[in-house]
1. First check a/c for segment 3-243, with a ≥ b ≥ c the square roots of the eigenvalues of its C-alpha gyration tensor; if it is under 1.5, answer rounded, and if not, answer prolate when a/b is larger than b/c or oblate otherwise.
2. Which aspartates and glutamates, if any, have their Cα less than 13 Å from the Cα of LYS255, not counting same-chain residues under 8 positions apart?
3. Using only protein heavy atoms and a 1.4 Å probe, report how much of GLU259 is accessible, in Å² to the nearest 10.
4. Tell me which lysines have Cα within less than 21 Å of LYS140's Cα, excluding those fewer than 8 residues away on the same chain?
5. Rounded to the nearest 20 debye, what is the charge dipole size of the chain about its Cα centre when +1 sits on each Lys and Arg Cβ and -1 on each Asp and Glu Cβ?
6. Going by accessible area, probe 1.4 Å, with all protein chains left in place, what is the ranking of THR66, THR125, largest first?
7. Might you work out the accessible area of LYS501 for me, using a 1.4 Å probe with all protein chains in place, and round it to the nearest 10 Å²?
8. Using only the Cα atoms of segment 192-312, build the gyration tensor, take square roots of its eigenvalues as a ≥ b ≥ c, and label the shape rounded, prolate or oblate: rounded if a/c is under 1.5, else prolate if a/b is larger than b/c, else oblate.
Amino acid sequence: MCGIVGVIGRDDTTEVLLNGLEKLEYRGYDSAGIYVDSKSGDGHLVKEKGKIAELRAAVGPDVKGTVGIGHTRWATHGIPSNNNAHPQVSANGRFYLVHNGVLENYEELNSKYLSDVTFKSETDTEVAVQLIEYFVNSGKSVLDAFRQMVDLVVGSFAFLMVDRNDPERLYVAKNKSPLLIGLGQGFNVVCSDSLAMLSLTHEFDELHDGETAIVTKDQVEIFNREYQAVERNPYHVELDENETGKGTYPFFMLKEIDEQPAVLRRLVDQYMGERDQFKFDPRLIEQMAQADQIYIVAAGTSYHAGLAAKTIVEKIAKVPVAVELASEFGYHLPILTKHPFFVFLSQSGETADSRQVLVKMKKMGYPILTITNVDRSTLSREADFTVLLHAGPEIAVASTKAYTAQVTVMSILAKALGQKLKTDDSKIDLRHQLGIIANAIQTIVDNKEEIEKYASDFLEKTTNAFYIGRGQDYNASLEAALKLKEISYIQAEGFAAGELKHGTISLIIEGTPVIAIITDEVTAGLTRGNIKEVEARGANTLRIVSEDLAESKDQIIMPKIDQVLAPILTVVPAQLLAYYATIQRGYNVDQPRNLAKSVTVE
Ligand code: AGP
């Protein structure tokens with residue numbers, strides 16, 4: 001959940017570390033730190049509570065060197081503070097370590113080996129660096145001490161360590177948490193995500209679980225669990241660093257909302273061929289066609305995309321779909337069908353909750369597809385098949401374009417599967433429908449000021465709000481509520497419209513904002529009845545309605561599209577309502593409190 005960077009062999013090490021941490025800030029932003037050193041110079045440790053901007057302000061002109069490590073934190077153990085920020089330092093000030101992950105047995109190791117050590121922090125991580133000093137003091141070489149520590153700790157970790165007495169190598173270890181080594185001429189770098197170092201290199205070595213590495217300015221040595229040297233072929237990252245900036249946009253979230261029409265059109269080009277041909281790996285469609293049930297496993301917004309995709313796949317391909325919360329599914333396995341096919345939806349491809357399920361389903365020998373926005377991410381590397389979202393980097397913590405891209409990709413897959421199974425009698429002209437949706441999203445975005453006004457009228461003063469809908473509108477309401485609460489901190493719930501009167505309607509008082517989504521002609525009347533029920537109790541109602549069902553007092557009117565695809569469109573005004581409600585409260589849209597973009601701990 002944290003972001004870590006390392007550099008060796010560059011005179012501008014401090015600047016490279018700070019730039020890299022800024023690119024990784026989406027992974028955690030409650031405190032940060034760097035340690036910079038060189039053979040000839042002094043070591044410099046700088047740590048600050050808060051964002052990288054605060055750290056950068058604290059880094060003096062004298063903080064120079066040719067090797068360094070850095071960290072931006074999402075607190076798991078101990079409050080955000082200078083002491084708990086990384087790098088953590090061993091008692092004698094010799095070893096400096098940054099860590100991304102959670103050490104499950106740190107208390108046990110502490111009481112077994114470190115009872116007479118005075119700790120400076122509340123972190124699990126400090127146990128790791130104190131253990132290295134402990135083993136060196138017991139006569140081991142630094143390399144053996146580092147390896148013994150790695151062998152003892154249990155949990156998820158990406159470690160980077162520097163020895164002040166020998167600042168000419170970086171000690172690296174990885175288990176579960178993502179970690180890459182970037183290759184340069186006369187220098188090398190290490191990072192949680194290639195985004196951090198694209199300005200320096202596009203060539204990266206992946207580290208796999210249980211591997212360690214020694215990185216110097218001229219060499220990268222990778223070792224397996226048994227510490228035997230392994231060869232690794234670097235891979236090239238296509239991504240252009242310029243794509244990772246927010247350009248003229250005030251926030252990444254607005255840029256990413258704006259990019260959705262282009263993303264949809266790109267996906268049609270990428271996966272839909274001429275005359276109802278599809279451009280997926282035929283073996284993938286073959287395997288999906290043999291399934292007696294598709295299991296979609298995901299978390300957060302991706303889980304909501306899975307809910308919308310279930311209705312689409314069942315309508316078009318007539319294959320039963322179960323949608324499972326990753327954090328629950330892995331530890332409370334339901335009775336599975338005989339021939340399950342697993343689809344993991346994950347923007348980052350690194351979500352630990354989803355990965356623990358993937359590892360278990362893989363062990364059980366089930367076929368696995370990962371649909372992700374990050375090529376060569378862990379969930380992609382470990383799956384049998386990968387389908388990329390081609391949405392471009394999504395930096396804002398609140399996921400937007402990944403949601404519409406996930407539902408769109410699942411729609412195209414459903415068409416391909418329905419064609420394969422000869423079960424598709426939906427008559428949905430998907431290319432045409434996605435074209436209408438892309439244009440409609442463009443229109444909403446071009447007139448976003450209208451949504452800004454509704455945000456001010458309906459949400460400026462409230463502490464809670466409800467989204468209601470039925471069927472796909474209920475599925476869109478769940479995502480709409482998540483967007484609103486995760487960045488504006490308004491307590492919001494997405495609710496099945498018909499369910500309100502069974503309890504939750506007691507929360508409706510004078511002025512409570514209720515936002516209804518109505519795109520289904522079959523249940524539109526019923527939802528309007530529910531709107532009347534909440535209005536009768538003082539609710540302030542805002543309606544997002546399909547033009548064919550619109551009435552004079554409805555505010556946000558959407559073009560008519562095939563109802564089963566409606567969430568791809570109706571979620572966009574909800575994304576903008578959340579965006580403006582957050583702006584109006586003066587909060588940071590891209591980096592909401594307590595959150596991080598890629599959740600790499602369970
Ligand atoms: C969504 O806005 C959140 N950032 C979060 O719920 C996210 O969707 C969830 O953590 C899953 O992430 P993933 O798609 O990268 O697996």
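The values are calculated or read from the model by the stated rules, or taken from the named source; none is laboratory data. Nothing here was measured: the structure is a model prediction, and the numbers come from that model. All Cβ positions, even for glycine, are placed from backbone atoms using ideal geometry, and neighbour counts span all protein chains on display. Each accessible area value is taken on the protein alone, full model and side chains, heavy atoms only, with ligands, DNA and RNA left out. Shrake-Rupley method; radii C 1.70, N 1.55, O 1.52, S 1.80 Å.
1. On the way: a/c = 1.42, a/b = 1.17, b/c = 1.22.
Taking the square roots of the gyration eigenvalues as a ≥ b ≥ c, segment 3-243 is rounded.
2. GLU243, GLU394, ASP446, ASP590
3. Its accessible surface works out to 50 Å², give or take rounding.
4. Within the straight-line cut-off, LYS140 pairs with LYS112.
5. With Lys and Arg at +1 and Asp and Glu at -1, about 760 debye.
6. On the way: THR66 45, THR125 0 Å².
The ranking, largest first, comes out as THR66, THR125.
7. Its accessible surface works out to 100 Å², give or take rounding.
8. On the way: a/c = 2.10, a/b = 1.37, b/c = 1.54.
Judged from the Cα gyration tensor, segment 192-312 comes out oblate (a/c at least 1.5, b/c at or above a/b).
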